[in-house]
1. At 1.4 Å probe radius, can you tell me the per residue accessible area of region 134-235 in Å²?
2. Enumerate the lysines that Lys197 could reach by cross-link, defined here as Cα to Cα under 23 Å, with residues fewer than 8 away along the same chain left out.
3. Assuming R0 = 51 Å, what is the FRET efficiency of Ser188 and Met13, from their Cβ-Cβ distance, to the nearest 0.05?
4. Would you mind telling me which residue in Gly96, Gly231, Gly192 has the biggest mean-square fluctuation in a Gaussian network model of the chain, where springs connect alpha carbons within a distance under 10 angstrom?
5. Give me the accessible area of Leu263, 1.4 Å probe, in Å² rounded to the nearest 10.
6. What order do Val110, Val52 take when sorted by accessible area (1.4 Å probe), most exposed first?
7. Sort Tyr184, Tyr69 by heavy-atom solvent-accessible area, probe 1.4 angstrom, most to least.
8. Remind me, relative contact order of the chain in percent, using alpha carbon pairs under 8 angstrom and six or more residues apart?
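The values are calculated or read from the model by the stated rules, or taken from the named source; none is laboratory data. Note that the coordinates shown come from a computational prediction; the quantities given were computed from them, not determined experimentally. Backbone-built Cβ (ideal geometry, glycine too); neighbour counts: all protein chains shown. Ligands, DNA and RNA are stripped out before the accessible areas are found, and what is left, the full protein with its side chains, is counted by its heavy atoms. Shrake-Rupley method; radii C 1.70, N 1.55, O 1.52, S 1.80 Å.
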Amino acid sequence: MKLAFSTLGVPGMPLPDVLRLATAHGYHGVELRTHPEEPVHPGLGSTERAEVAAEFKGSGVEILGLAGYARVAAPGDDEPVLAELRTLLELARDLGAPYIRVFPGGDLDVQTPEEADATAARRLGTAAEYANDLGVRILLETHDSHRTAADAMRVLGLVGHRQVGALWDVMHTWLGGEQPSETYAALSPHLGYVQVKDIASAEDTTPLPLGAGVLPLAECVEVLSRHNWDGWLCWEYEKRWYETAPPLPDLLGAGSEHLSRLLNDSA
């Protein structure tokens, strides 16, 4: 497995500094939070996109994926969501990123679960053809209205397209009561990559150094190793939402060591 971290943990950091951190601490890739407050976002012109791609290529660090904010199950018209998906897919193509991340984002106060599933599947199915043309895969994260693998699979089963897969966020499946073995069994045919993190408890989700909290990271890595899964583990440290959390750069070295130790132990 290869290691990456998300720029959610270093909000607003210039790209050269991000790449230096990755190479200094043994990370093979970076997940780019694509938001207007970040250096890489859909508003970049063609020259800027080429420069970003060249910076990554020159550093030897890969772009794991683009973490976008499209909410595919959200109530409302399809076209604004589809337009957001197309914009993200085009940015990924231009940067050479293999994946874009999307959220479910259903609102179960105004939708039934079946309506949310159908909405997400309809939009993802439509976007899948465009994604196929661009050579980019759309990954539905286990998150919010569809927290568990079982939830996500209700949507992916309806879509049935190879360009639409899953992103396993280990915190959300744990909060949803799923065991790592259950999550992997459900998502494995569709799994793009895995987001790891750690927290103190279900009530306190302030980010912690890897291994310092309650999330079953060792079990997750063991399940992945047992099935010879060779994808990416991406540390999503949610510094952007928890400003008092310790700075991620100070933790990256120990984080890569912890993940490497788990990988060795599970081999």
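1. On the way: 3640 Å² over 102 residues.
Counting only protein heavy atoms, the per-residue value for region 134-235 is 36 Å².
2. Lys2, Lys239
3. Values: r = 33 Å, r/R0 = 0.66.
Plugging the Cβ-Cβ distance into 1/(1 + (r/R0)^6) gives 0.95.
4. Taking springs between Cα atoms under 10 Å, the residue moving most is Gly231.
5. Ignoring ligands and nucleic acids, Leu263 comes out at about 30 Å².
6. Details: Val110 100, Val52 10 Å².
Listed by decreasing accessible area, they come as Val110, Val52.
7. Values: Tyr184 20, Tyr69 50 Å².
My answer, sorted largest first, is Tyr69, Tyr184.
8. On the way: 530 pairs, mean separation 51.5, N = 267.
Normalised by residue count, the contact order of the chain is 19 percent.
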